[in-house]
1. Write out, first by first residue and then by second, each pair whose Cβ atoms fall under 8 Å of each other, whose residues are 6+ apart or on separate chains, and whose first residue, in region 482-506, is farther than 14 Å from D378 by Cα and open to solvent by 10 Å² or more (accessible area, probe 1.4 Å) while the second is polar (S, T, N, Q) and modelled with pLDDT under 95.
2. Surrounded by fewer than 20 Cβ atoms within 10 Å (Cβ to Cβ), part of a helix (DSSP H, G or I) and not acidic (D, E): does that describe A603?
3. Being out of contact with any helix residue (DSSP H, G or I) (no Cβ under 8 Å at 6 or more places or on another chain) and among the hydroxyl-bearing types (S, T, Y) is the filter here, so list the residues in region 449-496 that pass it.
4. Being in a loop (DSSP other than H, G, I, E, B) and open to solvent by 10 Å² or more (accessible area, probe 1.4 Å) is the filter here, so list the residues in region 278-296 that pass it.
5. Which residue, of T79, T70, T87, is open to solvent by 40 Å² or more (accessible area, probe 1.4 Å), part of a helix (DSSP H, G or I) and of a type in the set (S, T, Y)?
6. Go through (1) of a type in the set (G, A, S); (2) touching a residue at least 60 places away in the same chain (Cβ under 8 Å); (3) under 19 Å from L47 (Cα atoms); (4) assigned to a strand (DSSP E or B) for G183 and report which single condition fails.
7. Looking only at region 201-223, count every residue that is part of a helix (DSSP H, G or I) and surrounded by fewer than 19 Cβ atoms within 10 Å (Cβ to Cβ) and tell me the total.
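The values are calculated or read from the model by the stated rules, or taken from the named source; none is laboratory data. Values in this document were obtained by computation on a predicted structure and should not be read as measured data. Counting neighbours? That spans all protein chains shown, and the Cβs are built from the backbone with ideal geometry, glycine included. Ligands, DNA and RNA are stripped out before the accessible areas are found, and what is left, the full protein with its side chains, is counted by its heavy atoms. Shrake-Rupley method; radii C 1.70, N 1.55, O 1.52, S 1.80 Å.
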Amino acid sequence: MTRQIGKFGLVPTLMVAASLASLASGSASAGPVTMPALFPTPTSIELGSGTIALGRSVSLIAAPGVDPDTIALVRSILTASGVKTITTARRLPSVIDGTYVVLGTAAAPIVRDALARSRAVADNHAEGYTIASLASASGGVVTLAGHDADGLFHAAQTFRQLARRSTIPALVIQDHPAMPIRGTIEGFYGAPWSMADRTRHLDFLATVKANTYVYSPKDDPYARDRWREAYPAATLKALGTLATTARRNHVDFVYAVSPGPSVCFSDPADVQALERKFDAMRSIGVGSFYVALDDIEYTKWNCEKDKAAFGPSGAEAAGIAQSQLLNAVQANLAAKDPSARALIMVPTEYYDAKETPYKAALRKHLDPRIVVQWTGTDVVPPAISIPDAKAATKAFGRKTLLWDNYPVNDYAQTTGRLLMAPYTRREAGLSGELTGILSNPMNQEAPSRPAVTGVAAFGWNDKTYDAQRAWHFSARELAGGDERATAALLTFFDTQHMAPTFGSQPWQEQAPRLKAVLDGVREALAGGDAAARRAAIADLTARADEIANAPDIIRSGTIDPGFAAQSRPWLDAMQRWGRALQLTAAGLDAANLGSSAAGRYFANAKRLAAEAAAIQSIPGATRFDGPIKIADGVLDTFVADAPTLIAFDHAGNASPAVER
């Protein structure tokens with residue numbers, strides 16, 4: 001028996017009633033108990049009565065066997081929340097005499113006891129967790145109960161968000177992911193991330209409950225062009241350190257190799273070369289593997305042996321040959337570790353779901369355990385629907401793992417752009433048709449986070465995913481909770497809102513917030529009403545100030561310094577465009593007042609706009625270098641058009657025709 005709890009999903013009615021009865025016995029709150037904003041959105045959440053103040057002292061009870069890194073995370077959360085003394089205890093007292101935090105899997109007796117006191121039921125899904133907070137007159141109990149170690153770690157991440165409030169509301173959360181695989185694939189062309197970037201990215205993925213990172217930079221020579229060669233010892237050691245960071249963050253580190261440009265499918269030596277590569281990675285703690293066969297010429301063989309083994313080259317023969325190679329690799333992986341995750345592959349026809357001889361060959365010959373990636377209806381799809389995913393399942397003979405090419409900016413249409421619009425136009429319910437979703441991020445790691453936050457939130461709970469709220473959450477996270485910095489980031493994001501496809505039409509429009517303001521100015525000036533005209537120019541001035549000031553706020557230190565460094569030319573260009581818009585607003589105000597200064601303002605705005613438009617991207621940072629784009633088609637058009645919107649004397653004489 002269930003009932004709907006607002007937008008938060010289904011909660012067992014009897015469980016909620018019982019837990020609320022228990023929570024009602026806790027301390028009454030001084031004010032209303034409000035629903036916390038949590039991201040990704042939990043499967044279900046129900047408020048009780050009363051709140052818990054963590055205060056200066058907390059007793060921590062960790063069940064035997066809890067991951068030390070998870071305990072350390074909870075301790076750091078408590079310290080960041082102002083707790084000065086953290087004592088350890090073995091069990092809850094019969095009468096709650098302070099504030100206690102209990103953590104462990106639901107199988108542990110002390111966790112079961114804590115859940116029972118809150119009349120809460122443990123979530124029983126993989127990676128699932130329950131949080132039950134019970135208020136009392138002298139403190140309370142917060143129970144973090146994971147279905148497994150991963151679920152407990154996710155519970156701690158939700159607790160991190162709850163503990164930012166001055167008090168934790170009495171509540172029961174039951175939560176688990178909709179999709180088994182959620183995360184990113186570093187699969188772009190151009191400059192790969194640094195190891196430091198990857199470390200920060202893995203730490204970030206943990207905060208949004210992602211569980212997968214695929215190492216597959218196209219420009220790693222030892223993973224593609226020279227894939228048969230062993231990594232240098234220093235690089236292998238660095239990858240091992242990265243794998244350790246991933247484990248600490250409960251993220252599956254997947255190593256990908258791209259042998260397609262030179263592999264001989266029928267040559268046992270190449271199968272052995274792949275196995276050697278994976279054995280080397282296994283020696284540094286990597287246990288999940290991937291073979292990428294994308295972006296290769298598959299209608300001709302790389303060796304005469306393949307012609308003898310599979311006949312004339314062609315799409316169907318390529319599908320058969322690839323299946324043979326991948327099946328051998330999968331069998332080897334299973335023989336060495338029966339508990340290992342299945343091999344992942346990306347096919348050469350990774351886009352659309354049209355029936356082809358190649359896809360038919362994979363469907364017929366590929367080991368059913370192997371996970372197949374698919375990018376949607378195109379390389380960069382404008383939208384993905386449930387019928388699209390069903391068609392892919394039919395085409396490949398299994399549910400696919402979505403490789404979403406957003407916010408990647410390694411193709412020509414993205415030159416000069418950061419892609420920072422919300423993650424949207426993916427249909428709720430896709431979790432029923434996919435094995436998971438991986439975002440292909442930008443060459444710029446930190447600026448990728450707004451979009452990746454949305455991808456992770458959608459993968460966790462696609463049915464209640466709210467793109468705008470997740471977008472705003474990502475800005476707050478980057479800003480460290482600072483409201484002024486959050487607003488500056490959202491202003492910046494708006495200037496990088498356009499998301500192109502491989503075609504001529506983008507799937508996200510450029511600068512919708514700014515465009516609404518500028519369109520309002522045009523309408524007010526065209527309307528002929530003096531008061532509306534003055535108000536519109538005042539609004540324009542305020543928006544111009546926001547754009548001009550945002551870069552300095554973003555650089556001020558509350559925001560991740562890596563974000564500012566990787567966004568440097570965009571921030572430089574944005575500041576100049578903001579000043580150009582300030583001058584444009586001043587010019588419109590002067591023209592509205594009949595002032596001879598209007599022409600000078602407009603001329604200086606034009607000069608600054610030209611300087612801004614000439615700023616180039618960081619050489620080599622992305623696959624295509626070029627001029628930086630800031631709200632292009634919106635901001636530049638308005639600055640250019642503004643001198644024509646109110647008549648003024650270009651010779652420097654005030655125009656008498658302006659109504660005041």
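1. D482/T558
2. Criteria met by A603.
3. Matches in region 449-496: T464 only.
4. S283, I284, G285, G287, D295, I296
5. Only one candidate qualifies: T79.
6. Exception for G183: condition (3).
7. Total meeting the criteria: 4.
Residues checked against (1) open to solvent by 10 Å² or more (accessible area, probe 1.4 Å); (2) within 17 Å of the chain's Cα centre (by Cα); (3) more than 15 Å from A63 (Cβ to Cβ); (4) not β-branched (V, I, T):
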position: G139; (1), (2), (3), (4): yes, no, yes, yes
position: D148; (1), (2), (3), (4): yes, no, no, yes
position: G151; (1), (2), (3), (4): no, no, no, yes
position: A155; (1), (2), (3), (4): no, no, no, yes
position: Q174; (1), (2), (3), (4): yes, no, yes, yes
position: T184; (1), (2), (3), (4): no, yes, yes, no
position: P192; (1), (2), (3), (4): yes, no, yes, yes
position: M195; (1), (2), (3), (4): yes, no, yes, yes
